[in-house]
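Down below is the structure, laid out as structure tokens.
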Amino acid sequence: MSTWKLGDYTVRRIGFGAMRLDAVSGVAVLRRAVELGVDHFDTAAFYGPANELIREALSPYPPELLISTKVGPGNDPDRGFYQATTAAELRAQVEDNLRALGVDSLGLVNLRVSDDSGPLADRFAVLAAMRDEGLIQHLGISNVRADHLREALAIAPVVCVQNSYSVDVRTDDPLVDLCAAEGIAYVPFSSMVGAPTAAVQAVADAQGVSPQQVRLAWTLQRAPNILAIPGTGKIPHLEQNVAAGDIQLTAQELAVLG
């Protein structure tokens, strides 16, 4: 499987998204992912037990392992779900991730924004200051547009953009290409999402693989800067997801998928 550089980390292009982990199978799934060569794990403090499971399963972390997390959305027992907008809220979320993961510095922090949360610059500048402190190594942005990327780049380096993108949802095509031109990773968090289609099923049948694997393979072949982070709580699905990184779709199959 090919690789991409996220800052000073070189990672395989299929990583692992921790949102679906549960306390029953999570540790076993995470350890199997490492056995399969996964070296990029995507998580967040608001993903329930994900951070604690990652720490239990993978700590002490090998230096080549990248754990990326995200801030912005939060879930507080008193406030419920909220969007961090102030420096104090963002720092508290970063510190929460540091504690739960058991690290002194976070390898990558993505600032996830909501559509109505206003300009990105002030919040990104807060994270850039924490990077200067050494609490964060690299920065990314999530759920963003091209103008958000320009805002962020004016403040600090951006190593990845994390948005919704798949064979069925391609509104971000121009942003994928912009990121590629800038050497920035594009990380779709929904590359397997989509209703069943005859085209995807036909390619899956021809390849002898699942429709989900076809979706992942298409995503990786779309551009070399795309990194997939499919999530699952089941080892067989994990193994299928990782295997998708070695599937090569033909030019005819890519044409069928559109």
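The values are calculated or read from the model by the stated rules, or taken from the named source; none is laboratory data. Bear in mind that the values here come from a model prediction, so they are computed numbers and not experimental data. Here Cβ is always computed from backbone atoms with ideal geometry, including for glycine, and neighbour counts include all displayed protein chains. Just so you know, the surface numbers come from the protein's heavy atoms only, side chains and all, with ligands and any DNA or RNA stripped out. Shrake-Rupley method; radii C 1.70, N 1.55, O 1.52, S 1.80 Å.
Below is a table of values for the structure above.
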read-out: Pairs where the first residue, in the stretch 133-156, is closer than 17 Å to Gly72 by Cβ and the second is charged (D, E, K, R) and open to solvent by 50 Å² or more (accessible area, probe 1.4 Å), C-beta under 7 Å, 6+ apart; value: Leu139/Arg131; Ser142/Arg112; Asn143/Arg112; Ala156/Arg131
read-out: Qualifying residue in the stretch 122-141 (condition: surrounded by fewer than 14 Cβ atoms within 10 Å (Cβ to Cβ), charged (D, E, K, R) and under 20 Å from the mean Cα position of the chain (by Cα)); value: no
read-out: Qualifying residue in the stretch 99-113 (condition: within 23 Å of Asp173 (Cα to Cα) and open to solvent by 10 Å² or more (accessible area, probe 1.4 Å)); value: yes
read-out: Residues of the stretch 35-56 satisfying the condition of being out of contact with any helix residue (DSSP H, G or I) (no Cβ under 6 Å at 6 or more places or on another chain) and in a loop (DSSP other than H, G, I, E, B); value: Gly37, Val38, Asp39, Ala44, Phe46, Tyr47, Gly48, Pro49
read-out: Exclusive hit being without any contact (Cβ under 8 Å) to a residue 40 or more places away in the chain and surrounded by fewer than 21 Cβ atoms within 10 Å (Cβ to Cβ), set Ala28, Ala23; value: Ala23
read-out: In the stretch 147-198, residue nearest to Leu111 (Cα to Cα) [restricted to those that are in contact with a strand residue (DSSP E or B) (Cβ under 6 Å, 6 or more places away or on another chain) and polar (S, T, N, Q)]; value: Gln162
read-out: Strands (runs of 3 or more DSSP E) lying entirely in the stretch 57-149 (those with 2 or more residues that are touching a helix residue (DSSP H, G or I) at 6+ places or on another chain (Cβ under 8 Å) and over 29 Å from Ala33 (Cβ atoms)); value: none
